[in-house]
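Here, each number is a calculation from the coordinates, and none is a lab measurement. Remember, predicted model here, so these are calculated numbers, not experimental data. For neighbour counting, all protein chains shown are included, and Cβ atoms are generated from backbone atoms with ideal geometry for every residue, glycine included.
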Amino acid sequence: MPAARKIIHVDMDAFYASVEQRDDPALRGRPVVVAWRGARSVVCAASYEARPFGVHSAMPATRAERLCPEAVFVPPDFPRYRAVSKQIHGVFAQYTDLVEPLSLDEAYLDVTRAAASGSATAIAREIRARILDITQLTASAGVAPNKFLAKIASDWNKPNGQMVIRPRQIHDFLTTLDVARIPGVGKVMQRKLATLGISTVGQLRERPRRELEQRFGRWGVRLHELSQGIDERAVTPHRPTLQVSSEDTFADDLTLDELEPHIRRLAAKTWARHRRQHDRVARTVTLKLKTADFHTLTRSLTPAARPTSEAELADIACALRARVERPAGTRYRLVGVGLSGFVDSDSAVAQGDMFVPRDCAS
């Protein structure tokens, strides 16, 4: 049998809110909500003082304000959060080059080689101590033989905690675990599993793989594997960018004809992000719309010649409105502009940008 891998999942505690509390002593000990105020704003982060009131990330800001009238709302400062994230990832790099960032505040680390003559548990503890020393912020960590278990473990003793799941503990640990703890199992899937009498991973494990595959397709196969504690995904250090995009939710719903200035503004932001890719260029332009009744639409085009300027990107995105087959009076609450289909710039030059046009609609 091959030696078990040693994977650490590090997750900062209420990262954005904690940065705000660190930098402003007046916010310490108070319920802090990182969000812009407004009817269309959502919560980016909530401090642990705000969470007992039911406030959590991705919640509408107006609901957070109703749940916790005493909350202090702070607008997000992403450049500052990115600067702190860079410090944190600098700590990771001191222990392994196998680091897979998931966001500004969490990452997987494969420390199998680093822990060959030591302990992954000790490494995780040392990483958390160094992060605290450098940033004055706490992190939680999970240590396990694979990414699936490490991610669950990192959330087990939050905040400022650590949990280890050893190979011999996997079966017993999963048996009583609520299926809601499985990443990707949301409320809809929970209801589907509940109709089959499945509420724990142990009950899920008892169902034949074939049955789960017949009911849920490839996701059913994945559920079967996870119920056994099997997750062969490697920690991937350098995941290429698949898409860059910018979007905005309006204070008041707009018609299709009123969207052009907003599309051009978002195209400028997307183009600026695209230019940071340096040696990679994008070929596909996508226009994203969300109607007033929350239906999401996307229209995409891969032109024969890729966009080479902010203006060209904006022109293509604006033109994609013509492919939105909705009644003229339809109003939209959100618009976004994206670029995808990245290739190396050398490859793009070699092929002379002779890409076949492709249209998509969904």
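With volume of the Cα convex hull per residue in Å³ defined as stated, name the option among [x] 186; [y] 155; [z] 131 computed from the structure displayed.
Correct label, based on the coordinates given: [x].
Report for region 1-165 the percent antiparallel among DSSP-assigned beta bridges with both residues inside it, nearest 5. Show your work: numbers first, answer last.
On the way: 18 of 24 bridges.
The answer is about 75 percent antiparallel.
Can you put I263, I8, I123 in order, fewest other beta carbons within 10 Å first? Provide the component values of the computation, followed by the final result.
Values: I263 24, I8 32, I123 20.
Neighbour counts put them in this order, fewest first: I123, I263, I8.
Could you tell me which of Y108, I152, A71 has its Cα farthest along the dipole of region 1-165 towards the positive end, charges placed at Cβ (Lys, Arg +1; Asp, Glu -1), taken about the Cα centre?
With unit charges placed on the Cβ atoms, the residue in question is I152.
Among T195, T291, which comes first, then next, by fewest other beta-carbon atoms within 10 Å?
Going from sparsest to densest Cβ surroundings: T195, T291.
Pulled fully out, how much extra length does the chain show between D257 and A272, if you take 0.36 nm times their separation in residues and subtract their Cα-Cα distance?
Details: separation 15, 0.36 × 15 = 5.40 nm, distance 2.50 nm.
Contour length minus the Cα-Cα distance gives 2.9 nm.
For the chain, what is the mean residue ellipticity at 222 nm derived from helices alone (per DSSP H run of n ≥ 4: -39500 (n - 2.57); sum divided by total residues; nearest 500 deg cm²/dmol)? Intermediate results must be reported in sequence, preceding the final value.
On the way: 13 runs with 125 residues, N = 362.
When only DSSP H runs of four or more count, the value is -10000 deg cm²/dmol.
Could you go through region 290-302 in sequence order and give the Karplus-derived ³J(HN,Hα) for each residue, using 6.51 cos²θ - 1.76 cosθ + 1.60 with θ = phi - 60°, rounded to whole Hz, and x for Gly and Pro?
Karplus-based 3J(HN,Hα) across region 290-302 equals 10, 6, 4, 9, 6, 8, 9, 10, 10, 10, 10, 8, 10 Hz.
Students often forget the sequence filter, so: which lysines lie under 28 Å Cα-Cα from K187 once same-chain residues fewer than 8 apart are removed?
K147, K151, K158, K288, K290
Test of understanding: what is the full-extension gain from K192 to E126, defined as 0.36 nm times their sequence separation minus their Cα-Cα distance?
On the way: separation 66, 0.36 × 66 = 23.76 nm, distance 4.16 nm.
Separation in residues times 0.36 nm, less the Cα-Cα distance, equals 19.6 nm.
How do the peptides 223-230, 321-328 rank, highest first, by the average count of neighbouring beta carbon atoms within 10 Å per residue? Walk me through the intermediate numbers first.
Values: 223-230: 19.5, 321-328: 11.4.
Ranked by mean Cβ neighbours within 10 Å, highest first: 223-230, 321-328.
Can you compute the modelled spin-label distance between D97 and E70, with each label point 7 Å from Cα toward Cβ, in nm?
5.2 nm
Just how large is the dipole of the chain about the Cα centre, in debye to the nearest 20, putting +1 at every Lys and Arg Cβ and -1 at every Asp and Glu Cβ?
Values: 53 positive and 42 negative charges, 157 e Å.
Roughly 760 debye for the chain.
Gain in length, E213 to A180, computed as 0.36 nm per residue apart minus the alpha-carbon separation, to one decimal in nm? Please report the intermediate quantities before stating the final value.
Working: separation 33, 0.36 × 33 = 11.88 nm, distance 1.91 nm.
Separation in residues times 0.36 nm, less the Cα-Cα distance, equals 10.0 nm.
With 10 angstrom as the radius, rank T62, T302, T286, T176 by how many other C-beta atoms surround their C-beta, starting from the fewest.
Values: T62 15, T302 18, T286 23, T176 10.
Exposure proxy ranking, most exposed first: T176, T62, T302, T286.
Within region 197-295, list the trypsin sites (Lys or Arg not before Pro) lying in a DSSP loop whose Cβ has at most 13 other Cβ atoms in a 10 Å radius.
Values: sites: R205, R209, R210, R215, R218, R222, R233, R264, R265, K269, R273, R275, R276, R280, R283, K288, K290; in loops: R233, R276, R283.
Listed in order of number, the matching sites are R233, R276.
DSSP loop (so not H, G, I, E, B), at most 10 other Cβ within 10 Å: list which GluC sites (Glu not before Pro) in region 45-109 pass both filters.
On the way: sites: E49, E65, E70, E106; in loops: E49, E70.
Filter output for region 45-109: E70.
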